[in-house]
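First the structure, which I've put down as structure tokens, then a few questions once you've had a look.
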Amino acid sequence: MSTNVLHTPDGWWAVRGERAVRIETKAVTTAELIADRDAVRDAATGDDSGTPVADLVALPPVTTPCRVVAQMVNYRSHAKDSGFTGDIPPTFFRKASGSVSGPHEPIVRPAHVNFLDYEVELGLVMGAPLPVGTVVEEQDLSRYVAGLVLTNDVSARDVQLTKTQFYESKSYPTFTPTGPYLALLEPEDFAHLPNLRLRLSVNGVPRQDRTLADMIVRPAQALTLLARFQTLDPGDLLLTGTPGGTALKAPPKPVEKIAALLPPALKWKAFFKGQAKNPRYLRDGDLVTATIATPGGRIDLGEQRTTVADAT
């Protein structure tokens, strides 16, 4: 069974129901903790004493700096929302490690960003080096992936679309809420990944709800494709894409064809004029709630509750 680990200012804790037991480890980084699995197992299987989880302040369960890599358009429902048809080439992009924030910290909207969007995503936390040229088979996934985290790939759509700039639009501080838990998996847990259900709501209204069965490129294949050009190390984080239901939607095909005839400046002006009427983009004071879990809770990555705050 997977073990949920909580990271706090005081160290690392193994979660056991409503209580957490301190892990006796010298680990500072996520990679060091992953290497000290015996200490994690000792805490997870010890006595029932501990600290109430509700009394602990959760930090991101992946420590920075680390590589943060993400997949673009990797769920069929998201591809449909985005106007893609036919085969979609697997595409990766990087996010700044400084974008990683805690599971209950506010998401800060920069003053120049008007169209702030959410993307609940499953994060893979590497447990072993992935050298360039590695081929990862489904049955070998547990050799490279140590655990899972809940993430939100927050996106400044006006920056992303007008500049075709993924790195900037998704790398502002607090744009990768992560946690609360790092779920360290046992080899037998990986068979249950397709049953993981991703859910996100804004102010209590459901926006995203899909299982990994909607995923286009599964984790083992994604790591193989990424390893054609990118090395990953223990503690690095791969975000595996988001389901449909984001605020951004592709315009109807007739509108898209007309817009293609316009100069770029006019095209984007017209597009964002229409987007300004879309109430689904995040605003100051909104509460974003996200969960990822399997039915029955064999794997449960906990709940994120992040409010949106305008930069001051």
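The values are calculated or read from the model by the stated rules, or taken from the named source; none is laboratory data. All of these numbers come straight from a predicted model, not from anything done at the bench. Cβ sites come from the backbone with ideal geometry, for glycine too, and all protein chains shown count toward neighbours. Ligands, DNA and RNA are excluded from the accessible area calculation, which covers all protein heavy atoms including side chains. Shrake-Rupley method; radii C 1.70, N 1.55, O 1.52, S 1.80 Å.
Per residue, how large is the accessible surface of segment 65-188? Use a 1.4 angstrom probe and give square angstrom.
On the way: 4540 Å² over 124 residues.
Spelled out: the 1.4 Å probe surface of segment 65-188, per residue, equals 37 Å².
Right, something else. Take the solvent-accessible surface of the protein heavy atoms, probe 1.4 Å, and return the percent of it on the chain that carbon and sulfur atoms account for.
On the way: 7680 of 13890 Å².
Of all accessible area on the chain, carbon and sulfur atoms account for 55 percent.
Among rounded, prolate and oblate, which fits segment 132-181 when a ≥ b ≥ c are the square roots of the eigenvalues of its C-alpha gyration tensor, a/c under 1.5 means rounded, and a/b larger than b/c means prolate?
oblate
Still on this structure: Which residue, L193, S155, G46, has the largest displacement toward the positive end of the dipole of the chain when charges sit on each Cβ (Lys, Arg +1; Asp, Glu -1)?
Of L193, S155, G46, it is S155.
Further question on the same structure: Using helices alone, I'd like the mean residue ellipticity at 222 nm for the chain: each DSSP H run of four-plus residues gives -39500 (n - 2.57), total over residue count, nearest 500.
Working: 9 runs with 63 residues, N = 312.
So the calculated ellipticity at 222 nm is -5000 deg cm²/dmol.
Label-point separation (nm) for N195 and K249, each offset 7 Å from Cα along Cα-to-Cβ?
Reported label-point gap for N195 and K249 is 3.3 nm.
Okay, moving on. Quick one: how many lysine pairs does the chain have with C-alpha atoms less than 20 Å apart and a gap of 8 or more or different chains? Give me the count, please.
Final tally of qualifying lysine pairs is 24.
Still on this structure, please answer the following. Can you tell which of A79, Y172, L238 lies farthest toward the positive end of the dipole of the chain, using +1 and -1 charges on the Cβ of basic and acidic side chains (Lys, Arg; Asp, Glu)?
Value: A79.
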